1. Quick one: in the stretch 372-430, of everything that is in a strand (DSSP E or B) and of a type in the set (S, T, Y), which residue is nearest to the chain's Cα centre (by Cα)?
2. Mind telling me which of the residues T435, T410 ends up being hydroxyl-bearing (S, T, Y), over 21 Å from N324 (Cα atoms), surrounded by 18 or more Cβ atoms within 10 Å (Cβ to Cβ) and in contact with a Ser or Thr (Cβ under 9 Å, 6 or more places away or on another chain)?
3. Quick one: which strands (runs of 3 or more DSSP E) lie wholly within the stretch 77-136 and hold at least 1 residues that are charged (D, E, K, R) and at pLDDT 95 or above?
4. As an exercise: evaluate W73 against (1) among the aromatic types (F, W, Y); (2) outside any loop (DSSP other than H, G, I, E, B); (3) out of contact with any strand residue (DSSP E or B) (no Cβ under 7 Å at 6 or more places or on another chain) and give the number of the one condition it does not meet.
5. Tally the residues that are at pLDDT 95 or above and either under 14 Å from the mean Cα position of the chain (by Cα) or part of a loop (DSSP other than H, G, I, E, B) (or both), restricting the search to the stretch 59-69.
6. From N130, N157, N108, N86, grab the single residue that is crowded, with 16+ Cβ neighbours inside 10 Å, within 30 Å of F472 (Cβ to Cβ) and not hydroxyl-bearing (S, T, Y).
7. Going through the stretch 180-239 one residue at a time, which ones are of a type in the set (V, I, T), buried (at least 21 other Cβ atoms within 10 Å of the Cβ) and either in a loop (DSSP other than H, G, I, E, B) or at positive phi (or both)?
8. Quick check: is even one residue across the stretch 153-165 part of a loop (DSSP other than H, G, I, E, B), at pLDDT below 95 and touching an Asp or Glu at 6+ places or on another chain (Cβ under 7 Å)?
Amino acid sequence: MKIRKAKGLGALTLLSVAALAIAGCAPGNTAAPSANPEDQNSLPSTAWVRADAADVQDGGTLTLAVDSMPVNWNNFQIDGNEANTNDIISAMQGGPIKIDESGKPVVNEDYASSVELTNESPQTVEIKLNPDAVWEDGTPITVADYQATWKANNGSNPEYVVISTTGWDQIESVEQGTDEFDVIITFSSVYADWQGLLGQILPASAASDPNTFNTGYLTTALPSSGPFLLGSFDSTAGIATLERNPKWWGQAPKLETIVYRAVSQDQQGTSFSNGEIDALNISANADLYQTAQNVQGAEIQASNGLTWTHITMRASDGPLADVNVRKAVASIVNREQIANTANSPVGVPAITQGSYVFMPGQDGYTDEALPYDTDAGAKYLEDAGYTKDGDSWVKDGTPLKFSVTVPADTATNIQRAEQIQADLSEFGIPVDLNTVPVGGYFSDYIIPGDFEMVTFSWRGTAYPISSSESLFSPVDSAQNYTGITDPQLADLWQKANTDLDPDSRLKTAEEIDKVLWSYVPIIPIAPLPNVYAVKQGLVNWGATQFETVDWTIVGFQNS
């Protein structure tokens, strides 16, 4: 099961079971990927096979697997903030900004002829929309859609259940310029990662009413503004079929249809072997890697990724409310061993994640992590008032124990949980694994805070500084599942998000990282490169760290 992907800068995508989204970085992208290939562990940013449109077959069907179908097709709403949902709708949505291979935001000319920062005080952005761009019913995409999207996401109306208000709440106004295709966005304060707000826009019909926004897209997709639209959706069979959008104004897509099938992670290898799906997201699953190697004609791709695994702790009450207990867990769990177990069997470098904000290979990345040190772990528990009694750690007569909530049928998530269980149990802290249905893993357990520990993953975008904020601050952020925060963070993120100077912004981000490691709400484990197996001949789609997929040229190469 993959995790949530957040739209807009303030949100990260959750990747739950398989290996899973976090968001981040741009100029404002002040956290650009490192130019040194060695820092990227010799993996490319994009590993798919590139082909010109003329070399791609016209027609055909691409069949892909997801862990589950959307529970809400509006990916601006908190229940729709899942990687599965974002994957499915990516061919149906777009906006004036896309991300290139290096992780930089660039103008998407299908949607806009220009996107410019026209003034720094007050910060003002002007978007010249493509007047040919329309929603699937033929309604033009205009300033009205931008106004409605802003008002729905800026927090002014709490009835909208949004992922994050970050960035949107710093916009003072969205106004029409010379005509309805000229959008003038004026900010009330500097927002360095403003481009991250422009990767997708909502139609006014979806964003103008909170009931429609929250529940209007439970069983049907948002109106398409991309080269494909939702042709049919069978929630019982778990199949969504995308067809060419007859109102699409850009280059005609090569594929005739894209089919998404809900297939449990345990069954995806078999489905790929049988030719039922055309690609396999291997992630850190050694069994899937071995399966793919035995499929004739399968091509294995590996790129750097934006996914990092972690342990999120519900720290608002119970033993984990004590920072020393959290630091003990961070010191006792062998992150290096978990990283090696996950990555080495799939042929990619095994490294740990030492930052809450940046990925290894991005400018600004520093490793501030607490080291694996069981002696230090014992000292932290003693500082928390625990004593060793036989094989147990006890405080006030109560032995210390934990539970990890895991989604069923998700091998990599279960494997991490078992390794966490083994490390803590060997140290004298019993751990129960609480297995729950994969379909309700987030909605019934993580989002309501009904857990003690979980170990999903975050997958995000090219905007790490602003997008990571909602995981930790404020305490009631829709993505802060820890139940705690540090009062220093709000001011630090405010400083970082209003600073257009790249060097000073990175220094502030380093301060944020140090504060987070001082109270350890989450324990980062390891970054996960993107590892895919794809059907021979599939081009312009596959493993990538940043790059926006151009769905008009995805398809199968001419023989």
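1. Here the answer is T405.
2. On the way: T435 fails: surrounded by 18 or more Cβ atoms within 10 Å (Cβ to Cβ).
Sole residue among the options that is hydroxyl-bearing (S, T, Y), over 21 Å from N324 (Cα atoms), surrounded by 18 or more Cβ atoms within 10 Å (Cβ to Cβ) and in contact with a Ser or Thr (Cβ under 9 Å, 6 or more places away or on another chain): T410.
3. Working: elements: 97-99, 105-107, 112-120, 123-129.
Hits in the stretch 77-136: 97-99, 112-120, 123-129.
4. (2)
5. Pass one, the stretch 59-69, residues at pLDDT 95 or above: 59-66, 69.
Then drop every residue that is not either under 14 Å from the mean Cα position of the chain (by Cα) or part of a loop (DSSP other than H, G, I, E, B) (or both), which leaves 59-60, 69.
Summing the residues that are at pLDDT 95 or above and either under 14 Å from the mean Cα position of the chain (by Cα) or part of a loop (DSSP other than H, G, I, E, B) (or both) in the stretch 59-69 gives 3.
6. Working: N130 fails: within 30 Å of F472 (Cβ to Cβ); N157 fails: crowded, with 16+ Cβ neighbours inside 10 Å; N108 fails: within 30 Å of F472 (Cβ to Cβ).
Only one candidate qualifies: N86.
7. Going through the stretch 180-239, the residues of a type in the set (V, I, T) turn out to be 183-186, 190, 201, 212, 215, 219-220, 236, 239.
Cutting the leftovers down to buried (at least 21 other Cβ atoms within 10 Å of the Cβ) gives us 183, 185, 201.
Correct list: I201 only.
8. If we filter the stretch 153-165 for residues that are part of a loop (DSSP other than H, G, I, E, B), which is where we start, we get 154-161, 163-165.
Going one step further and asking which of them are at pLDDT below 95, we end up with 163-165.
If we keep only those that are touching an Asp or Glu at 6+ places or on another chain (Cβ under 7 Å) too, we end up with none.
Checked the stretch 153-165: no residue is part of a loop (DSSP other than H, G, I, E, B), at pLDDT below 95 and touching an Asp or Glu at 6+ places or on another chain (Cβ under 7 Å).
The values are calculated or read from the model by the stated rules, or taken from the named source; none is laboratory data. Given the structure is predicted, the values throughout are model-derived calculations rather than measurements. As a convention, Cβ positions derive from the backbone with ideal geometry for all residues, glycine included, and neighbour counts pool all protein chains shown.
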